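The values are calculated or read from the model by the stated rules, or taken from the named source; none is laboratory data. Here the structure is a predicted model, which is why all the values come from computation and not from measurement. Cβ sites come from the backbone with ideal geometry, for glycine too, and all protein chains shown count toward neighbours. Surface areas here come from the heavy atoms of the whole protein model, side chains and all, with no ligands, DNA or RNA. Shrake-Rupley method; radii C 1.70, N 1.55, O 1.52, S 1.80 Å.
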Amino acid sequence: RYGHPAGDAVIVEFSKRMKSCIREVDLLARLGGDEFVILMENAASGSAEAVCEKIIAAMQLPFVLNEDSVQVTVSAGLAYSRHTSSGEDLFRQADQALYTSKNAGRNRSSVWRPSLPNGLADPSATLSGDATVETEGPLPSYKARILIVDDEPSICRLMDRMLTKEGYFAASENTVHS
């Protein structure tokens, strides 16, 4: 309805809003399209979950496009490196949590926990509930994976995966690529 330039403008604003929700030491990268990843090293207990809450709240404000405005939704999945031995597994776990959130209605976040069946959180146990917005047609939806890394070797493995997988790239020094 709005075209590619409008979509690009929303992605840039979405990125700026996400960046405002994270610590200076965290790394934000766009994986492509509507997918983002945040790397949080040594996050204090509950801080990644708080970041998810901030991101979801930040996206509730309308995105202004010329004289029009649009609403977007966001689904987030969190995974902790202490529950895995590889960057591949960490990313997969965050992805599973992300799709648990998305399938439960979006504007939610879920944490991958090894104590649950398949590590997947019950959608009713997500951190954030739906935000109801009246709109014409479906809302654009974005995906965020929050990866909490507890040790440096995990970061190295994860960055290697992101940089070598076709179509993936990582931001450096908190730079947002769009």
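If a residue must be in contact with an Asp or Glu (Cβ under 6 Å, 6 or more places away or on another chain) and open to solvent by less than 30 Å² (accessible area, probe 1.4 Å), how many such residues does the range 90-112 contain? Break it down stepwise before answering.
Of all residues in the range 90-112, those in contact with an Asp or Glu (Cβ under 6 Å, 6 or more places away or on another chain) come to 105, 107.
Then drop every residue that is not open to solvent by less than 30 Å² (accessible area, probe 1.4 Å), which leaves 107.
Counting residues in the range 90-112 that are in contact with an Asp or Glu (Cβ under 6 Å, 6 or more places away or on another chain) and open to solvent by less than 30 Å² (accessible area, probe 1.4 Å) gives 1.
From GLU49, GLU13, grab the single residue that is acidic (Asp, Glu), out of contact with any strand residue (DSSP E or B) (no Cβ under 6 Å at 6 or more places or on another chain) and outside any loop (DSSP other than H, G, I, E, B).
Values: GLU13 fails: out of contact with any strand residue (DSSP E or B) (no Cβ under 6 Å at 6 or more places or on another chain).
The match here is GLU49.
Looking only at residues that are in a helix (DSSP H, G or I) and farther than 18 Å from ALA29 by Cβ in the range 73-89, which one is most open to solvent (accessible area, probe 1.4 Å)?
ARG82
Hey, could you check the range 23-63 for residues that are open to solvent by less than 50 Å² (accessible area, probe 1.4 Å) and free of Cβ contacts under 8 Å to residues at least 60 places away in the same chain and say which is farthest from ARG145 (Cα to Cα)? Even if it seems obvious, please write down each step before you answer.
The first filter runs over the range 23-63 and keeps only residues open to solvent by less than 50 Å² (accessible area, probe 1.4 Å), leaving 26-40, 43, 46-52, 55-56, 58-59, 63.
Filter once more, so that each one left must be free of Cβ contacts under 8 Å to residues at least 60 places away in the same chain: 33, 46-47, 50, 58, 63.
Numbers: GLY33: 14, GLY46: 16, SER47: 14, ALA50: 14, ALA58: 16, PHE63: 21 Å.
Across the range 23-63, the extreme among qualifying residues is PHE63.
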